[in-house]
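What follows is a set of notes on a single structure, which appears directly below.
The values are calculated or read from the model by the stated rules, or taken from the named source; none is laboratory data. All values reported here derive from a predicted model rather than from experimental measurement. Counting neighbours? That spans all protein chains shown, and the Cβs are built from the backbone with ideal geometry, glycine included. Heavy atoms of the whole protein, side chains included, go into the accessibility calculation; ligands, DNA and RNA do not. Shrake-Rupley method; radii C 1.70, N 1.55, O 1.52, S 1.80 Å.
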Amino acid sequence: MMAVTSSCKEGTKIAMDNGKYVRYTPEQVEALERLYHECPKPSSMRRQQLIRECPILSNIEPKQIKVWFQNRRCREKQRKEASRLQAVNRKLTAMNKLLMEENDRLQKQVSQLVYENSYFRQQTQNTTLATTDTSCESVVTSGQHHLTPQHPPRDASPAGLLSIAEETLTEFLSKATGTAVEWVQMPGMKPGPDSIGIVAISHGRSGVAARACGLVGLDPTRVAEILKDRPSWYRDCRAVDVINVLSTGNGGTIELLYMQLYAPTTLAPARDFWLLRYTSVMEDGSLVVCERSLNNTQNGPSMPPAANFVRAELLPSGYLIRPCEGGGSIIHIVDHMDLEPWSVPEVLRPLYESSTLLAQKTTMAALRHLRQISQEISQPNVTGWGRRPAALRALSQKLNKGFNEAVNGFADEGWSMLESDGVDDVTLLVNSSPSKMMGINLSYGNGFPSMGNAILCAKASMLLQNVPPAILLRFLREHRSEWADSGIDAYSAAAVKAGPCGLPVARGGSFGGQVILPLAHTIEHEEFMEVIKLENMGHYREDMIMPGDIFLLQLCSGVDENAVGTCAELTFAPIDASFSDDAPIIPSGFRIIPLDSGMDASSPNRTLDLASTLEVGAAGNRSTGDNSGRNGSTKSVMTIAFQFVYEIHLQENVATMARQYVRSIIASVQRVALALSPSNFGSHAGFRTPPGTPEAQTLARWICQSYRCYLGVELLEYEGSESILKTLWHHTDAVLCCSLKALPVFTFANQAGLDMLETTLVALQDISLEKIFDDNGRKALFAEFPQVMQQGFMCVQGGICLSSMGRPISYERAVAWKVVNDEENAHCICFMFVNWSFV
């Protein structure tokens, strides 16, 4: 009889009862290894079968085979863990090197600041001691100091360009590793082994600037190749054209580039750049790619201004890429721009003056993209719907580019503007260029056109106050029925060819009339892609594709409330059920950009759950006052763009429909934003209340106190550490409050109440009390209603009521009681439906 050994080191030994070890022959080990790769954890029956099928193992007992497989799995686990720890150690070593370099740079910066402080103190003392009146001279001198110096044009001949390139390299390195810029740590970013890197933004510097240092698992040449392809990772980059290429004597390369950036909103023009890019290898083997604008040159190529673009300036920026011991690269990224904020409305200037936003959209985006590529190479797994990560990444880029094109509507892509209907809130553009219509085939016959030959885009921008972009975007994603029109969804779905019926689909989460089928998360979970199966067409089955099903490919990003200055986006496009790679993508969606960011990020525990977001506690009443610190962003701009494929002769009808639809979406967003605004209801992110309504915590206390007063028992059983509101919110019975009006409407409900009514907190106040009862129920209710006001409560035997969707609900009994405030005045009527269920 064999004894199971606890050692995982001896894979070729088996332990006997007498304590001696017997070695397997090499042939037996080879056979076992081959079987292990086929089945690492065979069952008892499978082990016996192995012995029968492999004669070389016939003299080994099944228990010995079991021990060998146990030890083999243990060694495999140890090997993987050792490999993981080695990778972590390499990363920590590289991060330690980065931190030491950063510490040296900070020490130099401190020394420089001490010197400058001493110098300015001496200058101040000299100014104070001066007795001569030089006010007029000071005014003139001061005015001259702020005038922009008129530098003579730089020579753009090959020799002149090389001089500019070397100068750019020096300035870039002084920013990347020196003290040319006073860098401060990016708010909310903490360096560590699991962080994206060390991220900093400029302080007191002209323009906007950001710097990042990080480790990526790619060699320097591959890193440089990826970063040079800016449109592949910088979502705001429309195009980069290489105009000319020159080789330098030191083995470097000078490129002249013309780059265009999309405008993030309909309220501002796009940007373009005329650039020099210099690529060279330093003496220590580091690879450097640096860039700067060529805005004032002569004797060489130039790029005239382009219509509908504002020429911006890229100050010396670039990438320092050093090989890392053990593989991979250490990379320093510097982005420094002057985006000409004077050219946009004043309310939008923070978008063009924020180094934090630059870091989020450009600098950190580059690091994330590199890490994602590295991960795809090391783990080439197939993800949702049989797509590899690279294919899903290409789809997300396609979605983003299509949405940016719709927002900007460039004439060179075939877009032209339609005349306004007298109200300028929604802009309409049409595009019938062949390249735009390629692959669009309408094959539905349910009253929709069978062929489309043009695209209409309806777009608008709006200012939002005191609503966190991440929370608003999450609501729009999870509650599509609050703003979307099912008929419009069906119309848009007709733009793609119908797929096969009866195909199985992966199960996903269900939100507000839709099933969400996750596809993939990108690195750091900064964005995720999913397929939305809408439930409002055909004979719905969650696990099958049925006739009339509508599918949307959806991309969501910026839902992290703790990320400072993050742009939140939700873009989607109807797709064919077959989900082919060449399917047309006509995206629509929302983009919410914070205009001012607080240094304090929102609580990581904040969700749309009422109970977890309505805590007042020791902090006191926060329903009024300044919310900018708590909520991260007090002001943001939302851009909406929806695209529709249509036949050209139906343009007028489609234009009218599109205007009305986008205006209805704007109204819905404004209503939702008002409901989600923390200033309306303490720190609550999901409940709309009329003026004079108390804090949620106070309302919960009134409900419980009144129940105890009139019925003589406690409504809730809760621990001292649990808030009354949280316990009430999670109560298993449906608790609903309605107003004291001639036609009572619901003003509050706990989670069970919302589930029973099949509604949301936003739509709750649109439901009146009488709507949930039939005629007999309404008569009985209003006959007993005076009893509640006189006696304070009433009990009703079990019966039937209706949800907001018209579904019948049975309940065992119902209790109604008068809720009084601290002044003992009637505030509302509260109902509790016990043991309810759908019939």
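Please specify each residue of the stretch 725-744 satisfying the condition of being more than 21 Å from TYR811 (Cα to Cα), open to solvent by 40 Å² or more (accessible area, probe 1.4 Å) and either without any contact (Cβ under 8 Å) to a residue 24 or more places away in the chain or of a type outside the set (A, V, I, L, M) (or both).
Scanning the stretch 725-744 gives LYS726, LYS741, ALA742.
If we keep just the residues of the stretch 168-180 that are in a helix (DSSP H, G or I) and in contact (Cβ under 8 Å) with a residue 60 or more places away in the chain, which is most open to solvent (accessible area, probe 1.4 Å)?
Residue satisfying both the conditions and the ranking: GLU171.
Would you call LEU256 buried (at least 19 other Cβ atoms within 10 Å of the Cβ), free of Cβ contacts under 8 Å to residues at least 40 places away in the same chain and assigned to a strand (DSSP E or B)?
Answer is no for this residue.
Which numbered condition in (1) within 29 Å of the chain's Cα centre (by Cα); (2) touching a residue at least 12 places away in the same chain (Cβ under 8 Å) is the only one that ASN296 fails?
(1)
When both residues are 6+ apart or on different chains and their Cβ atoms are under 8 Å apart, which pairs have a first residue that lies in the stretch 235-249 and is under 17 Å from GLN260 (Cα atoms) and part of a strand (DSSP E or B), and a second that is of a type in the set (Gly, Ala, Ser) and open to solvent by less than 30 Å² (accessible area, probe 1.4 Å)?
What qualifies is ARG238/ALA270.
Test of understanding: among LEU781, LEU761, which residue is under 21 Å from PHE475 (Cβ atoms) and in contact (Cβ under 8 Å) with a residue 12 or more places away in the chain?
The unique qualifying residue is LEU761.
Can you confirm whether LYS77 is surrounded by 12 or more Cβ atoms within 10 Å (Cβ to Cβ) and modelled with pLDDT of 80 or more?
Considered against the rule, which asks whether it is surrounded by 12 or more Cβ atoms within 10 Å (Cβ to Cβ) and modelled with pLDDT of 80 or more, LYS77 comes out as no.
Among the helices (runs of 4 or more DSSP H) lying completely within the stretch 351-445, list those that include at least 3 residues that are at pLDDT below 90 and surrounded by 15 or more Cβ atoms within 10 Å (Cβ to Cβ).
Passing ranges, in order: 364-378, 389-408.
Any residue in the stretch 811-833 that is modelled with pLDDT of 85 or more, small (Gly, Ala, Ser) and within 42 Å of the chain's Cα centre (by Cα)?
No: the stretch 811-833 contains no residue that is modelled with pLDDT of 85 or more, small (Gly, Ala, Ser) and within 42 Å of the chain's Cα centre (by Cα).
If I ask for residues that are part of a strand (DSSP E or B), modelled with pLDDT under 90 and either open to solvent by less than 50 Å² (accessible area, probe 1.4 Å) or not assigned by the TED database to the domain that holds LEU367 (or both), which ones from the stretch 278-327 would you list?
Correct list: THR297 only.
Restricting to the stretch 3-42, what's the tally of residues that are under 51 Å from the mean Cα position of the chain (by Cα), at pLDDT 80 or above and hydroxyl-bearing (Ser, Thr, Tyr)?
Of the residues in the stretch 3-42, 1 are under 51 Å from the mean Cα position of the chain (by Cα), at pLDDT 80 or above and hydroxyl-bearing (Ser, Thr, Tyr).
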